[in-house]
Amino acid sequence: MSVKTKLLMACIAVALPLLVSSCGTADKKPVEAAAKTPGVIVEDAWVRATAGAKDTSMTAAFMSLTNPGSASIKLTSATSPVAGIVQLHEMAMKDGKMVMQEKAGGITVPAGSHAHLAPSGDHVMLMGLKQGLKPGDEVPLTLKFSDGSSHDLTVPVKAFTEEEEHYHPTPTPTSTP
């Protein structure tokens, strides 16, 4: 073998493993990027204070959920150590009255959009509270989503005044031209 051939063979022996390993790395990058893509983003979370409420055994958490992804994701459950029971609730019309009830199937956060959990709408209901909650307190809250992700939050307690001890539907907003 000539010196040139030996040199070429040595270069191939060194370069081939590098080329093969770089091909495997390229395949892994999209998976890593997908794993780092955020699921639902939780913002502006707060819990209604029980101080001054007629029924201090329950309250609710409200927030904005944003889904930057390309597939809808559902908020499927929530837990908190301050409550005996935590459920996802909605306001629904039943027998001509607006009532609060557990939301079957969870709360959908549409792809590329958001869902607002607010008084008189979808919300996280905390029942069987183990203590009263006053403005300035903080509540640990864990949210679980259909994509397998979860968010551990520390949510501030804020004052919220109502005419009665339950939630009231808000009038449908009208648009002005």
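Kindly establish whether PRO38 is at pLDDT below 95 and within 17 Å of LYS144 (Cα to Cα). Write out each step before concluding.
Working: at pLDDT below 95: yes; within 17 Å of LYS144 (Cα to Cα): yes.
Answer is yes for this residue.
Within the range 65-80, how many residues turn out to be touching an Asp or Glu at 6+ places or on another chain (Cβ under 6 Å) and surrounded by fewer than 15 Cβ atoms within 10 Å (Cβ to Cβ)?
0
Which residues, taken from the range 50-60, are crowded, with 16+ Cβ neighbours inside 10 Å and over 14 Å from GLY128 (Cα atoms)? Steps first, answer last, please.
Going through the range 50-60, the residues crowded, with 16+ Cβ neighbours inside 10 Å turn out to be 50, 53, 58-60.
Result: ALA53, single match.
Hey, any hits in the range 72-80 for a residue that's within 25 Å of GLU138 (Cβ to Cβ) and assigned to a loop (DSSP other than H, G, I, E, B)?
Yes, the range 72-80 contains at least one residue that is within 25 Å of GLU138 (Cβ to Cβ) and assigned to a loop (DSSP other than H, G, I, E, B).
Scan the range 126-157 residue by residue and report those that are surrounded by fewer than 15 Cβ atoms within 10 Å (Cβ to Cβ) and acidic (Asp, Glu).
Residues satisfying the conditions are GLU138, ASP152.
Condition (residue is open to solvent by 40 Å² or more (accessible area, probe 1.4 Å), of a type in the set (D, E, K, R) and out of contact with any helix residue (DSSP H, G or I) (no Cβ under 6 Å at 6 or more places or on another chain)) applied to the range 116-125: is it met by at least one residue?
Checking the range 116-125: not a single residue is open to solvent by 40 Å² or more (accessible area, probe 1.4 Å), of a type in the set (D, E, K, R) and out of contact with any helix residue (DSSP H, G or I) (no Cβ under 6 Å at 6 or more places or on another chain).
I'd like to know if the range 81-91 contains one or more residues that are open to solvent by 70 Å² or more (accessible area, probe 1.4 Å) and modelled with pLDDT of 95 or more.
Scanning the range 81-91, I find at least one residue that is open to solvent by 70 Å² or more (accessible area, probe 1.4 Å) and modelled with pLDDT of 95 or more, so the answer is yes.
Hey, does the range 92-100 have a residue that's in contact (Cβ under 8 Å) with a residue 24 or more places away in the chain, out of contact with any Cys (no Cβ under 6 Å at 6 or more places or on another chain), closer than 30 Å to GLY148 by Cα and outside any strand (DSSP E or B)?
No, the conditions are met nowhere in the range 92-100.
Out of curiosity, is LYS28 over 30 Å from SER146 (Cβ atoms), open to solvent by 80 Å² or more (accessible area, probe 1.4 Å) and modelled with pLDDT under 95?
no
Among the residues of the range 122-149, what is the count of those that are small (Gly, Ala, Ser) and either in contact with a Leu (Cβ under 6 Å, 6 or more places away or on another chain) or touching a residue at least 60 places away in the same chain (Cβ under 8 Å) (or both)?
Going through the range 122-149 one residue at a time, the tally reaches 4.
Within the range 115-123, is even one residue part of a loop (DSSP other than H, G, I, E, B), farther than 18 Å from ALA49 by Cβ and modelled with pLDDT of 95 or more?
Filtering the range 115-123 down to residues part of a loop (DSSP other than H, G, I, E, B) leaves 118-122.
Applying the additional criterion that residues be farther than 18 Å from ALA49 by Cβ yields 121-122.
Next, only the ones that are modelled with pLDDT of 95 or more stay: 122.
Yes, the range 115-123 contains at least one residue that is part of a loop (DSSP other than H, G, I, E, B), farther than 18 Å from ALA49 by Cβ and modelled with pLDDT of 95 or more.
The values are calculated or read from the model by the stated rules, or taken from the named source; none is laboratory data. Treat the numbers as computed from the prediction; the structure is a model and nothing was measured. As a convention, Cβ positions derive from the backbone with ideal geometry for all residues, glycine included, and neighbour counts pool all protein chains shown. Remember, those area values only see protein heavy atoms, side chains included, never the ligands or the DNA or RNA. Shrake-Rupley method; radii C 1.70, N 1.55, O 1.52, S 1.80 Å.
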